[in-house]
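In what follows, a single structure is set out as structure tokens and then discussed.
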Amino acid sequence: MPASRFQHTEEIAPAPRHWALLPGAGFADSFRIRLTPQLAQLNTTEITARMMAAQPAWISALLALRDRLVAPLGLKRASDNGAPAGFPLLMAEPRRVVMGLDDSHLDFRLCVEKSSGHAVEATSDANEVGNVGDIDDVGDQWLTVTTVVRTKRWLGEFYLAAIMPFHRCVARTLLQGLLRAPGRAD
């Protein structure tokens, strides 16, 4: 298969089950990639670990800058959590990993899901995890990264607006990095 088939990151609408991760959320976005056959054989926890390990230095530097800027405001620092990319793990299943953090200005959830190609189209009316597709299905496998945010006060709204251009770039870069990770075989 041509490598370009696996290199496109697309933005899709978050499914209702993603919004349900954080009731009252006012923002959500989802990005997906088609997995290579080798990545499709891994469970979502392994894929998420690889994605975070392939994080470019500029993303780590952005997180460190964020930590320095928000410390005087009393916000939690990503580096305080000791978790991958500063995001504590809330749930891990073979097809779905949910990370997140609740803070005084906003709460967020980061959901990483693996699904079969036919299940991706069927997610718009799903509220159940089981509707993300059977990972044993034959055919294309997709990885979807969804971020859901619930702001709590004006500082949360301001923070979300300030990071949004970076967030979209980071999400796409992490997905693309997974496909370009060293040691990955096509």
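Per-residue answers, yes or no, for (1) farther than 19 Å from residue 108 by Cα; (2) touching a helix residue (DSSP H, G or I) at 6+ places or on another chain (Cβ under 7 Å):
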{"site": "34", "(1), (2)": "yes, yes"}
{"site": "37", "(1), (2)": "yes, no"}
{"site": "40", "(1), (2)": "yes, no"}
{"site": "43", "(1), (2)": "yes, no"}
{"site": "46", "(1), (2)": "yes, no"}
{"site": "50", "(1), (2)": "yes, yes"}
{"site": "67", "(1), (2)": "no, yes"}
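Taking the conditions exactly as written (modelled with pLDDT of 90 or more, part of a strand (DSSP E or B) and over 13 Å from residue 146 (Cα atoms)), does residue 99 satisfy them or not?
no
Got a number for residues in segment 56-69 being part of a helix (DSSP H, G or I) and either touching a residue at least 60 places away in the same chain (Cβ under 8 Å) or open to solvent by 90 Å² or more (accessible area, probe 1.4 Å) (or both)?
6
Being among the hydroxyl-bearing types (Ser, Thr, Tyr) and at pLDDT 95 or above is the filter here, so list the residues in segment 12-67 that pass it.
30, the sole residue that qualifies.
Do the conditions hold for residue 122, that is, is it at pLDDT 90 or above and surrounded by fewer than 20 Cβ atoms within 10 Å (Cβ to Cβ)?
For residue 122, the condition - at pLDDT 90 or above and surrounded by fewer than 20 Cβ atoms within 10 Å (Cβ to Cβ) - is not met.
Looking only at segment 156-169, which residues are in contact with a strand residue (DSSP E or B) (Cβ under 8 Å, 6 or more places away or on another chain) and open to solvent by less than 100 Å² (accessible area, probe 1.4 Å)?
Within segment 156-169, 156, 159, 160, 167, 168 meet the criteria.
The values are calculated or read from the model by the stated rules, or taken from the named source; none is laboratory data. Just so we're clear, the structure is a prediction, and the values are computed from it rather than from any experiment. Cβ: placed from backbone, ideal geometry, glycine included. Neighbour counts: every protein chain shown. These accessible areas exclude ligands, DNA and RNA; they are computed on the full protein's heavy atoms, side chains included. Shrake-Rupley method; radii C 1.70, N 1.55, O 1.52, S 1.80 Å.
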